[in-house]
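What follows is a short report on a single structure.
FYI, it's all coordinate maths here, none of it is from the lab. The shown structure was predicted, so the numbers you read here are calculated from the model rather than taken from an experiment. No Cβ is skipped: glycine too gets one built from the backbone with ideal geometry, and neighbour counts run over all protein chains shown.
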Amino acid sequence: MGLAKDDFDALVVEIVTRHIGNICEGSVVVRPSRNSKYVSVTITFLAQSQAQLDALYTELSAHERVLMAL
């Protein structure tokens, strides 16, 4: 989740792609908050290992524009 500006969804997709490779069409869901100040980005994929998930989570949560990563 992050502020809904400056193509936040594209940033998240870029980070995730570095860790999992290509993202399947239809795997990305973007939802704005009620007042459209924030946006959540959900990407569905099959993880290959716990290490892959840990590396992805570490990079996402360390980015200054990412306010929350689950």
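Angle between the Cα long axis of helix 8-20 and the longest principal axis of the chain, 0 to 90 degrees, nearest 10?
0 degrees
Considering Cα pairs under 8 angstrom that are at least six residues apart, work out the relative contact order of the chain and quote it in whole percent.
On the way: 76 pairs, mean separation 28.4, N = 70.
It rounds to 41 percent for the chain.
Relative to the longest principal axis of the C-alpha atoms of the chain, give the angle of the C-alpha long axis of helix 50-62, reported between 0 and 90° and rounded to the nearest 10°.
With rounding to tens, the tilt is 30 degrees.
Return the FRET efficiency for the residue pair N35, A55: r is the Cβ-Cβ distance, R0 is 25 Å, and the value is rounded to the nearest 0.05.
So, using R0 = 25 Å, E works out to roughly 0.15.
In the neighborhood of E59, defined by Cβ-to-Cβ distances under 15 Å, what is the net charge if each Lys or Arg adds +1 and each Asp or Glu adds -1?
Around E59, the surrounding residues sum to -1.
How long is the gain from M68 to M1 if the chain were fully straight, where each residue apart is worth 0.36 nm and the alpha carbon distance is subtracted?
23.6 nm
Would you mind computing Rg(Cα) / (2.2 N^0.38 Å) for the chain, counting N as its residues?
Here the answer is 1.08, to two decimals.
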